[in-house]
Structure formats: C-alpha cells, structure tokens
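Visitor: My questions all concern the structure below.
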C-alpha cells in the first residue's frame, strides 16, 4: 500500500513537475474522470434496453426535434400542429420552450458537419447525459467560487452521481430538465461570480445563461424569484455594494429583454404576478443607489435619516399602488394555479385535479428524500453550518438557494431536481471542510512529532502545549477514525447511487421488463406494438381517443391525431374525454362521434399485473370529467367510498365505457393458474362484469400481453328501416378481376341481385327452356361466361334468398339459355 | 388411317406456316411440340410452373430458337423463366441451363408475350429434344372473397388456361395443378379433367393448333401467408478494415384477403389454428454464415421478438413482426448485420477488387415488388462496374458516412418483381488503393494533435490586455 503513492510521486518527480503543477494535473484528471463518470453512469438504460426515448414528455420533444431537423427553424417557430388536440390543434411554436430542441439540433448539425453520420435520435438520447457532464464542471467552478477548489471537486463528484439529478438525466430522458439544470446552475454560478467581482462581463454572461434557461424550461421562474430574494437579503443585511448593483441591473435588464424573445414567455416579465418581485427589487436597487448618492452629498446624518424615512415610505407606497393598479386593471395577471400549488401544497388537490393527478406533482415523501439524497441529507445541515461560519455574498446565495429549493422539493416530488445542485454544493462544503480540517489535524500532528523540539521556541504557552501533547494520540486516532468514517459514508453513497440508477431510474417505461418464472428477463413491448400497429394499419387521418397520458406517445410513435395529450392546456377538452370514458356506452358514443373519433385506446394491466393502467387512473378521469360536467359524480363509481372492480363494484362502474373497454372478453381469459377466468392480476380480484357487450365499438387490436387495447368506432347504423338483416354476401359490388381477359369483357358480380337467376335455376330443373330468362341474362351480361358461372355459384352458396337449390344442376343450362357460348362445364364446389 | 391424317396435318401445317412465315421468324414454322406436360404448384403464393416440352423440328432447316408464349396478364406477373435441357445418356445425365430472353414479335395474337430459348446445339431437321422450363408467377392468386374475418380461411382464385399457350402445334399435352389442401371450392371442367386429393388434372388433350386457349378458374383454399415486400432497400457497405455491413429496409405487407372487422386476441391466442389461419406470424431470413451484430428494428426502436440460429454453413434469423400480419396489414422494419469481409471480397488478377454477394431478398417465400441494392464502396475507390446475372437498372450515387471528405461511391441497382429464385450472386468490381484506408485515422490523429497543440499554446500565451 505504501509503495504505491511513493512510486506515483516518483513518477511525478521524474516529470519534474512543481507542486502547483502536480495539483493542477491531479485536479484536471479528477475533473476529467468525473466528467466521464457522470456520462457513463447515465448509460444504464441504453445497456439494459436500447437507445430509445423514455416516458411521455420526451416523445413530444423528440417529435418536435424531428420536425425542426426536417423543416428548419422558421417552420418550427410557426408550427401549427393538427395532429394533437383535435379539433382544436395546437400552436406548437408558441407553446413550448425551444431550448432543448434547438440545442439537440445544433449538436446534431455540428456532428454532421464534422462528418459523424449520427441519427438525430442518438443525439436526443445522449443530450441529457452530455449536459449532466457539463453540470459537473459548472458545479466544480461554483464550489470553487463559494468555498475552495477542494469543495468544488467534491461537489462535482457528488452531483455527477446524485440520484436526484440522475432521475431526470439518464440517457433517453430527453426532457427540458436535462439541459435546464445545467442552465440553472450556470446562471447562478455566473451571477455569483458577477456579484463577487462586480464585472460587467460576468453579469452579461449570467443574462445569457438566464436566457438559455428561459428558452429551456418553465422552472426559470425559480431563478427570477430567487435572485431578487437574494438581493433583498443582501440589502437587508447591509451588504449593498456597487458590485451587486452592476451584477443585478445588467442581469435583470438584459435577461428580461432576451427572455421576451421566447414566444411562450413573451411579455410575462412585465405582466405576470410571478415576475413582479424581480421588478420590485430592481426599483429598490435604484432607490438604494439614489440614497447612497444622497448620503454622499449630504453630510448631515440627521437630515439623511429623515430623508431616508420619507424616500423609503414613498418608494414602497408607489410600488404598492402600482402593483395594486396593475392587478386591478388586469394588466398584471394574477399568480397561476401551479404557482399557488407551490406555495400551498393542498391547493392543487382542492382546485386543479389535473395537476394533482400527476404523480410527480405530489408532495414528497421522506423516503424519496432519502432515496434521492442519501447521505447528502445529513451533510446538508452540516454544510449550512460551515456556510454560516464563513458568511460571504457567495455563501449567503448558496444557503438561500439550498433552503428555498429544499422547501419546494418538499412540496413537489419533481422539484427535488432543483434542490439537488444546492444540496450537493452545500454537502460538498461540509465534506471538504471536514476532511480538510481532519487532514490538517493529522499533518500538524506529524509536524509536531517530527519537529517537536523546534516548536518549543514558538510563542505558545507551555501549559497549553502540554495539553495538546496529552490529547495528541486520542486526537490523531479520532481524526483517522473520522476520516475512515467519512470515506465509508462516501463509498456507501457511491454504491447507493449506482444501485438506484440501475434499478429505479433506468427504465424507459415504454418497454416493461419483468422477471419470468425461471428468473429470466421477460420483456413486454406492448406499447410500441400498439403504436406501430396504429401507424401502419389505420387510415392516415384517423383520430385516436385515449387518456391524455398517452397523447404524446401516440402522436410521436403512432403518427396519428389525438384528442388530448400531455400538454394539458385545455381542461375542458380533457374533461370531455374523461366524461366519455366514464359514461355508459350509448352516452359515450355521442361524445365520441361529436369528437370525430375513429379509434379508442385504453391501457389495461389485468393480464400482466401492470399497475399503472387506465383502470387505476380511472378515478382521476371521473374527477376531472366531473369538475367540468357535473353529470359525472365520483360517488357513483364508489361503494362506501371504496374503489372496486369486482362483483361488489358500483353498477355505474361496471357498465361505464372504460370498464367495458378494458374488460371486453376478459371474462374468458385465464390469467393465473388456480384462479377463476377473468382474474385481474393488477388488482388481484375476479372482475364483476364478465359478460361485456359492445354495441358501437369493436375490438380492432389488442397487444400480445393485453396492455394496450384499441377499439374501432363503428359507423352509424344504416337508417333504412326495412334493412334488418345485413346480407350474408360480403363481396357486394366486387369488380371481377379481368384476369385472363382474352375475351376482353368484364363486368360486375353482384350475387344479391342474382336472386332472379336463382329462381330460374329452381325452374330449370322442372321446365327447361321455357323460363323467362331475360332479366337474369341482363344481369350477367357484362361478365365473361366463366365468371357469370362463378358469380352464380357464389350466389348459390351464399344462399342469398334462403332457397335450397340442388347444386347438381349444371349452370351451363342457364348460361346456354342466355345465349352464352359454354365451352366449358362449370361445377359448383360443395 | 394414320397416314392420311398426318398428311393432312402436314399439309395444313405447311399452309399455316407459309401464311405465318411472311411476317414471323423462321423458327415458328417448322417446330412442333410432340408432348407437353405442365405442373402448376399453387401451394404457396408464388406459383411455380414446371413445363416439360418435347420439341421436334419438323422443318428442313436446323434451328436453335424455341419460343415460349404467355398471355399478357401472366407475363406481367412473370418473375423468372428458366430453361434447362438434359444432356448425356441414361444415368449420366446433367442439366444444362439455356439462355432465355424476352422477345418481341410483331402482331402477336391478343398481345401475347414471348420468350426465346436459345438451344446450345441447333436442332436439326427431324430431331427432337426435351426442354424443361420453370417459371414463377407472383401476384397470380386473387383472394376471393377479397375481405375475410379473423376466423375465416383464405380462398383464392387462380386463372390459367387448360391448354398450354404456345405458338406451336402441340400434339399431346396434360396439366397437373397442385393445390395446397384438398379444399377446392370450384374449378372449371375442360374434359377430360378430374380431381384427386390435392391434384387437379387437365388432359390429356391431343392435337391443338397454335394459340389454343381455354380459360380455367380454380377457386381453392390457400392459407399460406402472402408475404410481399413492397419495397426493399439493401445497402452493402464495404469497409476495408474487415467488415461488410448490410442494412435491409423492408416494407412488408400481407397481400392476401384483407382482414375485416374485429381482431380478437382471445381467439387468436386460444385457438390459433382456427383463428387467423392465414395470418403472418413469423418470417425466416437465411443469412450468410459467420454473421454478427444482427439487429432487427423499426422507426420506433428495437423489436425484441427475433431469434438467430447460426451454424458453420448458414445462419437463420427468425423474425416476428411486432404484431401478426393479417391481410392488408403492413409492417416496416430494418434488419442489419455485419459479415467478415474476406468471405465476400476478392481480388482479380489485374489488381481490381470485387464484391461477390447475393442479390435477392434473404426472406424465404416472399415476393419483392421492388428491390434496390446499394453497394457502398470505400472512399477513394474508382471505376465501379457491376455484373448481375439478369437485367437491372443501374446508376451511381454518393454517400457521406463517418469522417468522409469526398464521399463514397454507391452503385445502385434496381429490379422489380423478385422471387427467392433471384438469390444468385452478383459482382461489383472496383479499384482501391490501400493507402486510402489510413486517411481517416490520420485525420483523427492530426485533429487531436492540433487540439493539444492549441491547448499548449493557450497555456503559454498571455492574452490579457492589461500588463
């Protein structure tokens, strides 16, 4: 063990490197390794499954990226998508954050320019890991800025493998967050750097970082509220400085102007309530600057105090009046529901079921904090302690970022992601500071032992020295033990992160994997089976109705028009679909017809035991549908407040469209050995309504494991009242293929009309030659001899009129009557 | 009794031939077919017809050309015509392949199409020879009813003539038609004709003049899936570093009776023989031996249902489409694989290289409507030329792949209406200097070198304005 470092240092010495260069070399190589580590740890999903896009939203991003590569930026910007939200459509260019797509296409173009023949899909799949790697670099520099380079390195390592971040940045998770976290951290870092240096260049950079963030993710609202809050805290704590003034003003003005270029954001920076704090602080800064100037000009402190009081009161009053006027006149829009639900976790549950229905919008459980942060959760307070111990502009920022984002992470599961960089940085400070203190302790001990005699000449008191000497062995051992403990914890962290990444966050959720009976891996690829079927075997303009979760996937993979999708901008439209799903079939068919739907798609896990299917989501459909249409009442679907699908289920539940579509012909199916047919494995019950009859819909396709079932909407019945029976013969009006068209004739075979001939055939037997053959002959006139015979034959076999005819009669007799040349004798098959 | 008949026949024949010799080639007039036997195999959707003709030269001049004629509708669906002749005596017989070429004849009756067989040795007067002709027809079985439900079986029509269409007089002929099962709905009777088991026999018919035609129609059950590849693009990329990368893009369709109404998974899973009997469940691709890195995917990702079996002589890839294909359903997919280069690339004596590869589609029992073979030659190769055993359309393209500067030459060959019988070898010749192999590694190395030089320079140069 001891020879290894020695030889390494020998090696370094042989290169004749100075200590500083050695340090640089080590730092750069560690950073490179971390950079690579951050990338490869996110490739589990590619190795386990394949290079594919994951989940739901990424499919929309992928589809838009494809559109961007094929049609160019101008078309993309003006894209009106007819394939979603039928019949409303969606203005895609104006309702998305284009940062991610533009980034991916830019990378794609660069690679193409360098003659790397990559497919855009590969670029999309690897965008998130690539940006995660870049985030580690930013974390290093950020750590260096707020503490020292050691903390920076630790922060880089921690963030490289932190599950909270990996959950949104594995390969294939082509979502806004993938690049947004990089943009967020970069903006913060550059802003802190600008505040520390007062440099216009850095604050310009932070404005551009902010612009990138705005273009990439709606989470930019966090930046635009955290920065003014931070500035406000600095102002209150008396840390106002010229550096802060320069950094904030430049960043705000430029950042705001740049952000307005994004169509989806537009004038929100001056019009929306969520963006008002930053403007208020901007004016406050001007007031501060003005006061500073006045203070500089006035020498009298008493006068200044009075002036200060008046100015501050006036400023606050003017600001308040302006805000109030803006609110009242409607110029400034009030806060959105999503923003409210951030401040009040119970808000969404009561007011916006559509937000509450998404699992990642639920309040965070403690276990998921532990799962995503592991030891960082304990290091976080320690890091805060260190930060408070060495308070500076930079550490105040990171403390505020950590505390606010931790709060938001507690409100919504998905916001753990925003908290992760802060938690990693603060924990890195804790780790770095502790380890540094411990090693310093160890080193100084060595020095004391080695140069004990020389230290005696120092100014320290002999008594204290004795005390130090006494506690030496204990302290040294303690330090070693603590160091080992720290390394143990960190190694546990590394194993935990890798385990979480490989087990929990690397599943694409399009392809489902399970363990088979013999421990082998079973793959359920039903989603793609269904989407590909839609893509290939339905009309190009077919409209598919499904719950909104699958909208993006159907448009991206199935290439078909959907009624609703994951961009939940129109609650009424979603509620209409929810209402259709929770109504009886004959009520639902009205809605379905009014929406011009051709196919209805449901996801059903009863055969495989896949639990996130439509039956389990059904209550949300009822709630969202009921929120708009009071006809739908949630208690109708529950029995004593309990949600059931078995015999004890509510009658409305057992007969609603969703139940019927999911369980159609499921009652005949044996799913598990030793269980009755129709045993639902996802819910572990035998279903209550096994005899499901569909009237207006028919099964069009069911995937091999039944996970996706697609139904075709039948055309309305013919209104003609006496057409009770549908004809047995199906090939009415089939044009006879004029194959061996030697005689150059062709005609149409319509066996239903040939009833006349059949009558004749009955007669021929009795009275040959005298039968009135004209009407029959005219029917088969257009046909070639042979085909006339075949047509008759088919008509006879189909038995159009229910007459039983002796088939031994040779048709040639009839044909001869029609003055046809009968060169051949034709025999009808049995 | 026989002599006068023959004399009359001969007389009639001479008159007839005189009539035709004004505008027709001389080979028509003095040949006659003394015995013809035709066997039509309808067991799959590719119709295989074996024709045995005993040709006799009744004229005075030796001839080496024998004409085959087809009705125009059949000619459109004709995928390949082969003619063989048996050589040698008794047990030491060998089959020799003969040249067959499409021929245009003026004023052919009813637009009949012709193929000329060129005999190896001219047929002298009074001599006779036996020619075996094999031709394959695609898209010749017409589903009727054109739409069937899941539980119904697929019924098809086959149209032909009870008599062999020929520009020659046929003395005696018989036709045997083999159906896939005993279930025959109906068939045209042309006496003498009878059916036994899976075989329908027409004939023997005696003494039919040229261009005799008697249309027949057979309506029978054929549950074999009608796998038709509407378009197939095969790209063969040569890398002189030792790999041959093949990428095949398929557009597959089930060309049988269209599926109608419900697709019920319960029925399909529980009673597979009764339900969806004609559905296409899987396909078998025969790949060359020593194949590696096989993938099977489509636009939306990998398709997990495929199995590869390899042994020293061949590799078999069994692929299942994402869903069973019913009539009229489509699926597109891509199969790709790598092959060791030394099995397929050879050098000629004059320092040229050539690729020797199979032309057709590796899937068994499929018809390919349109096939495009693209051979991507390595960057820097010159003078490409392709040698294909049958006529194809050819042109050149340029493709840019990894780190290409001038692009790679692509030899593109296109052919329509292919059957597995077209899986013969073709060759692409080109010249290539091995030094070009080093171009890309050198380029990469120099790029990295420049990058490091730039880094070193950056670290040593002070760019700040302030001093």
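The values are calculated or read from the model by the stated rules, or taken from the named source; none is laboratory data. Computed from a prediction, not measured in an experiment: that's the story for all the values here. Using ideal geometry, Cβ is built from the backbone for each residue, glycine included, and neighbour counts are taken over all protein chains shown.
Visitor: Is it the case that some residue within region B:334-341 is touching a helix residue (DSSP H, G or I) at 6+ places or on another chain (Cβ under 6 Å), touching a residue at least 60 places away in the same chain (Cβ under 8 Å), away from every other protein chain (no Cβ under 14 Å) and within 27 Å of residue B:293 (Cα to Cα)?
Guide: No, every residue in region B:334-341 fails to be touching a helix residue (DSSP H, G or I) at 6+ places or on another chain (Cβ under 6 Å), touching a residue at least 60 places away in the same chain (Cβ under 8 Å), away from every other protein chain (no Cβ under 14 Å) and within 27 Å of residue B:293 (Cα to Cα).
Visitor: For residue A:168, only one of the following conditions fails: (1) assigned to a loop (DSSP other than H, G, I, E, B); (2) free of Cβ contacts under 8 Å to residues at least 40 places away in the same chain. What is its number?
Guide: Going through (1) assigned to a loop (DSSP other than H, G, I, E, B); (2) free of Cβ contacts under 8 Å to residues at least 40 places away in the same chain one by one, residue A:168 breaks only (2).
Visitor: Would you confirm whether or not region A:561-572 contains a residue that is touching a helix residue (DSSP H, G or I) at 6+ places or on another chain (Cβ under 9 Å), in a helix (DSSP H, G or I), at negative phi and surrounded by fewer than 24 Cβ atoms within 10 Å (Cβ to Cβ)?
Guide: Within region A:561-572, one or more residues are touching a helix residue (DSSP H, G or I) at 6+ places or on another chain (Cβ under 9 Å), in a helix (DSSP H, G or I), at negative phi and surrounded by fewer than 24 Cβ atoms within 10 Å (Cβ to Cβ).
Visitor: Considering only region A:487-536, state which residues are surrounded by fewer than 17 Cβ atoms within 10 Å (Cβ to Cβ) and within 14 Å of another protein chain (Cβ to nearest Cβ).
Guide: A:509, A:513, A:514, A:516, A:520, A:521, A:522, A:523
Visitor: For residue B:212, all conditions in the list (1) within 15 Å of residue B:54 (Cα to Cα); (2) within 14 Å of chain A (Cβ to nearest Cβ) hold save one; what is the number of the exception?
Guide: Among (1) within 15 Å of residue B:54 (Cα to Cα); (2) within 14 Å of chain A (Cβ to nearest Cβ), the lone unmet condition for residue B:212 is (1).
Listed here are the residues, each with its yes/no results for (1) crowded, with 20+ Cβ neighbours inside 10 Å; (2) touching a strand residue (DSSP E or B) at 6+ places or on another chain (Cβ under 8 Å); (3) closer than 29 Å to residue B:250 by Cβ.
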| residue | (1), (2), (3) |
| --- | --- |
| A:554 | yes, yes, yes |
| A:559 | no, no, yes |
| A:575 | yes, no, no |
| A:583 | yes, yes, no |
| A:594 | no, no, no |
| A:607 | yes, no, no |
| A:623 | no, no, no |
| A:628 | no, no, no |
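Visitor: Can you pull out the residues in region B:104-128 that are closer than 29 Å to residue B:420 by Cβ and more than 14 Å from every other protein chain (Cβ to nearest Cβ)?
Guide: Once the filter is applied, which keeps residues that are closer than 29 Å to residue B:420 by Cβ and more than 14 Å from every other protein chain (Cβ to nearest Cβ), region B:104-128 yields B:104, B:114, B:115, B:116, B:117, B:118, B:119, B:120.
Visitor: Quick test of your reading of the structure: residue A:476 fulfils all but one of (1) in contact with a helix residue (DSSP H, G or I) (Cβ under 6 Å, 6 or more places away or on another chain); (2) away from chain B (no Cβ under 14 Å); (3) under 27 Å from residue A:604 (Cβ atoms); (4) free of Cβ contacts under 8 Å to residues at least 40 places away in the same chain. Name the failing condition by number.
Guide: Going through the list (1) in contact with a helix residue (DSSP H, G or I) (Cβ under 6 Å, 6 or more places away or on another chain); (2) away from chain B (no Cβ under 14 Å); (3) under 27 Å from residue A:604 (Cβ atoms); (4) free of Cβ contacts under 8 Å to residues at least 40 places away in the same chain, residue A:476 breaks only (3).
Visitor: Right, another one. Could you run through region A:633-653 and say how many residues are farther than 17 Å from residue A:686 by Cα and in a helix (DSSP H, G or I)?
Guide: Residues in region A:633-653 being farther than 17 Å from residue A:686 by Cα and in a helix (DSSP H, G or I): 5 in total.
Visitor: Any chance region B:199-208 includes a residue that's within 10 Å of chain A (Cβ to nearest Cβ) and free of Cβ contacts under 8 Å to residues at least 60 places away in the same chain?
Guide: No, every residue in region B:199-208 fails to be within 10 Å of chain A (Cβ to nearest Cβ) and free of Cβ contacts under 8 Å to residues at least 60 places away in the same chain.
Visitor: Give the residues of region B:342-367 that are in a strand (DSSP E or B) and free of Cβ contacts under 8 Å to residues at least 12 places away in the same chain, sorted by residue number.
Guide: Hits for region B:342-367 are B:346, B:347.
Each row is one residue, and each column tells you yes or no for (1) in contact (Cβ under 8 Å) with a residue 40 or more places away in the chain; (2) more than 17 Å from residue A:182 (Cα to Cα).
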{"site": "A:209", "(1), (2)": "no, no"}
{"site": "A:217", "(1), (2)": "yes, no"}
{"site": "A:228", "(1), (2)": "yes, yes"}
{"site": "A:267", "(1), (2)": "no, yes"}
{"site": "A:272", "(1), (2)": "yes, yes"}
{"site": "A:296", "(1), (2)": "no, yes"}
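Conditions tested, residue by residue: (1) crowded, with 20+ Cβ neighbours inside 10 Å; (2) out of contact with any helix residue (DSSP H, G or I) (no Cβ under 9 Å at 6 or more places or on another chain); (3) touching a residue at least 24 places away in the same chain (Cβ under 8 Å); (4) under 23 Å from residue A:494 (Cα atoms).
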residue: A:368; (1), (2), (3), (4): no, no, yes, yes
residue: A:373; (1), (2), (3), (4): yes, no, yes, yes
residue: A:394; (1), (2), (3), (4): no, no, yes, no
residue: A:412; (1), (2), (3), (4): yes, no, yes, no
residue: A:416; (1), (2), (3), (4): yes, no, yes, yes
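Visitor: Which of the numbered conditions does residue B:328 fail, given that it passes all the others? Conditions: (1) in a strand (DSSP E or B); (2) within 14 Å of chain A (Cβ to nearest Cβ).
Guide: Every listed condition holds for residue B:328 apart from (1).
Visitor: Test each condition in (1) in contact with a helix residue (DSSP H, G or I) (Cβ under 7 Å, 6 or more places away or on another chain); (2) over 30 Å from residue A:49 (Cβ atoms) for residue B:290 and report the one that comes out false.
Guide: The one condition residue B:290 does not meet is (2).
Visitor: In addition: Would region A:654-668 turn up any residue that is in a loop (DSSP other than H, G, I, E, B), within 14 Å of another protein chain (Cβ to nearest Cβ) and more than 32 Å from the chain's Cα centre (by Cα)?
Guide: The answer is yes; a qualifying residue exists.
Visitor: Do we have residue A:48 as more than 17 Å from the chain's Cα centre (by Cα) and within 14 Å of chain B (Cβ to nearest Cβ) here?
Guide: Spelling it out, residue A:48 is indeed more than 17 Å from the chain's Cα centre (by Cα) and within 14 Å of chain B (Cβ to nearest Cβ).
Visitor: Report yes if some residue within region B:367-381 is within 14 Å of another protein chain (Cβ to nearest Cβ) and either surrounded by 15 or more Cβ atoms within 10 Å (Cβ to Cβ) or at pLDDT 90 or above (or both); otherwise report no.
Guide: yes
Visitor: Please find, among B:253, B:246, the residue that is modelled with pLDDT of 90 or more, within 28 Å of residue B:415 (Cβ to Cβ), under 22 Å from the mean Cα position of the chain (by Cα) and within 14 Å of chain A (Cβ to nearest Cβ).
Guide: Being modelled with pLDDT of 90 or more, within 28 Å of residue B:415 (Cβ to Cβ), under 22 Å from the mean Cα position of the chain (by Cα) and within 14 Å of chain A (Cβ to nearest Cβ) holds for just one of B:253, B:246, which is B:253.
Visitor: Residues in region B:152-173 that are away from chain A (no Cβ under 13 Å) and crowded, with 19+ Cβ neighbours inside 10 Å: how many?
Guide: 8
Visitor: Go through (1) without any contact (Cβ under 8 Å) to a residue 12 or more places away in the chain; (2) more than 24 Å from residue B:347 (Cα to Cα) and name the single condition residue B:438 misses.
Guide: Status for residue B:438: all satisfied but (2).
Visitor: What is the one condition in (1) in a helix (DSSP H, G or I); (2) touching a strand residue (DSSP E or B) at 6+ places or on another chain (Cβ under 7 Å); (3) over 28 Å from residue A:671 (Cα atoms) that residue A:528 does not satisfy?
Guide: (3)
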